[in-house]
Amino acid sequence: MKIFLDIGGHHGETAKIALEKKYDFDRVYSFEPVHECCEIIKKMDDKRLSVQEFGLWDRDCVKKLYAPGSKGASVYKDKFKKRVGSRTIKLKSASKWFKKNIKESDNVYLKINCEGAEIAILEDLIRSKEYKKIAVLMVDFDVRKIPSQKHLMGKMKKKLNKLGIYNIFYIDEYHLGKGTHSYFTHYWLDNS
């Protein structure tokens, strides 16, 4: 089965592209912990789409999400220079979810754009060896925008580059000018 995992669904910007016929995904999972955002994603009304109303992390827990619903919402307060609102969200272990829902034979495309949570998610997948189910990986290291976490980006890239994942794209290494999210996502999927 060809599966697309959209970690950091927001309003479904990436899921909408993954659902285009030319990419031929059998299943698209969108992970989004903010209820109002999930309701927007659900309006796509495609039987291949499964909205997961929680975020992924390295364990099951609840955390505060700062600036919930915004494009840059994060579990890291120090991402924001100004005071922002927050709410408690539900997070689930990425490795447990993978183990329960992804088969070894699946062809998995994984997009991670989740404002700093990518490090905890990737660490969990690496530690558990569930990363071996990933064929194509795209990571937007938003951790680089968070003062307390930005040092982790280089370390994680080194780990990922040694794992033998078929195809890895790091957004920060592509200089596509002022291309939109849609432009980059199409570029990534067209070249995977």
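The values are calculated or read from the model by the stated rules, or taken from the named source; none is laboratory data. These numbers were taken from a predicted model, which means no experiment stands behind them. Cβ: placed from backbone, ideal geometry, glycine included. Neighbour counts: every protein chain shown.
Structure values in brief
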{"read-out": "Of the criteria (1) closer than 28 Å to residue 64 by Cα; (2) of a type outside the set (Gly, Ala, Ser); (3) free of Cβ contacts under 8 Å to residues at least 24 places away in the same chain, which one residue 139 fails", "value": "(3)"}
{"read-out": "Tally, over the range 16-40, of residues that are more than 23 Å from residue 100 (Cα to Cα) and in contact with a Ser or Thr (Cβ under 7 Å, 6 or more places away or on another chain)", "value": "1"}
{"read-out": "Residue under evaluation residue 179, criteria (1) out of contact with any Lys or Arg (no Cβ under 8 Å at 6 or more places or on another chain); (2) at pLDDT 90 or above, criterion not met", "value": "(2)"}
{"read-out": "Residues within the range 104-125 that are closer than 24 Å to residue 65 by Cβ and either hydrophobic (A, V, I, L, M, F, W, C) or assigned to a helix (DSSP H, G or I) (or both), tallied", "value": "12"}
{"read-out": "Residue in the range 155-172 that is closer than 26 Å to residue 65 by Cβ and β-branched (Val, Ile, Thr) present", "value": "yes"}
{"read-out": "Odd one out for residue 107 among (1) over 24 Å from residue 24 (Cβ atoms); (2) at pLDDT 95 or above", "value": "(1)"}
{"read-out": "Hey, residue 158 part of a loop (DSSP other than H, G, I, E, B) and either surrounded by fewer than 19 Cβ atoms within 10 Å (Cβ to Cβ) or not charged (D, E, K, R) (or both) or not", "value": "no"}
{"read-out": "Residue count, the range 106-151 (criterion: over 23 Å from residue 190 (Cα atoms), crowded, with 18+ Cβ neighbours inside 10 Å and polar (S, T, N, Q))", "value": "1"}
{"read-out": "Residue that is farthest from residue 43 (Cα to Cα), among those in the range 8-22 that are among the aliphatic types (A, V, I, L, M) and buried (at least 23 other Cβ atoms within 10 Å of the Cβ)", "value": "18"}
